[in-house]
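The values are calculated or read from the model by the stated rules, or taken from the named source; none is laboratory data. Predicted model, so just to flag it, every value in this text is computed and none were measured. Heads up, the Cβs are rebuilt from the backbone with ideal geometry, glycines too, and the neighbour counts pull from every protein chain shown. Surface accessibility is based on the protein's heavy atoms, side chains included, excluding ligands, DNA and RNA. Shrake-Rupley method; radii C 1.70, N 1.55, O 1.52, S 1.80 Å.
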Amino acid sequence: MGLWVLRRRLSWPDIRRFMNVAAPSLLVAQAIGRIGNYFNQELFGKPTTLPWGLEISPAHRPPGYLQYATFQPTFLYEIIWNLALAGF
């Protein structure tokens, strides 16, 4: 809907310029949204023994992984990736 409104009000070069400005903000918004994955204890990866491993409570661990306490924080990797791309 937004692109339809933009198309009616702006020329094609202005639309392209707007999309170039909007793209980094979408990446930052995605990174901010991923912070919720930390509080919800979701979107984590495989078990790990690395020092930055995320401790997940037994109630949120997937079946078959109850014996592991720490997992890869894949949401954190996505936050870093999104912010790096937005900065680039």
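For the range 20-43, a residue qualifies if it is more than 30 Å from Leu3 (Cα to Cα) and out of contact with any helix residue (DSSP H, G or I) (no Cβ under 6 Å at 6 or more places or on another chain), and the qualifying residues are Tyr38, Phe39, Asn40, Glu42. Could you tell me how many of the residues in the range 19-72 are in a strand (DSSP E or B) and not aromatic (Phe, Trp, Tyr)? Residues flagged as in a strand (DSSP E or B) and not aromatic (Phe, Trp, Tyr) within the range 19-72 amount to 4.
Could you please find all residues in the range 1-28 being of a type in the set (Gly, Ala, Ser) and either open to solvent by less than 60 Å² (accessible area, probe 1.4 Å) or touching a strand residue (DSSP E or B) at 6+ places or on another chain (Cβ under 8 Å) (or both)? Residues satisfying the conditions are Gly2, Ser11, Ala22, Ala23. Among the residues of the range 43-88, those that are among the hydrophobic types (A, V, I, L, M, F, W, C), over 30 Å from Pro24 (Cα atoms) and open to solvent by 40 Å² or more (accessible area, probe 1.4 Å) comprise Leu50, Ala59, Leu66, Ala69.
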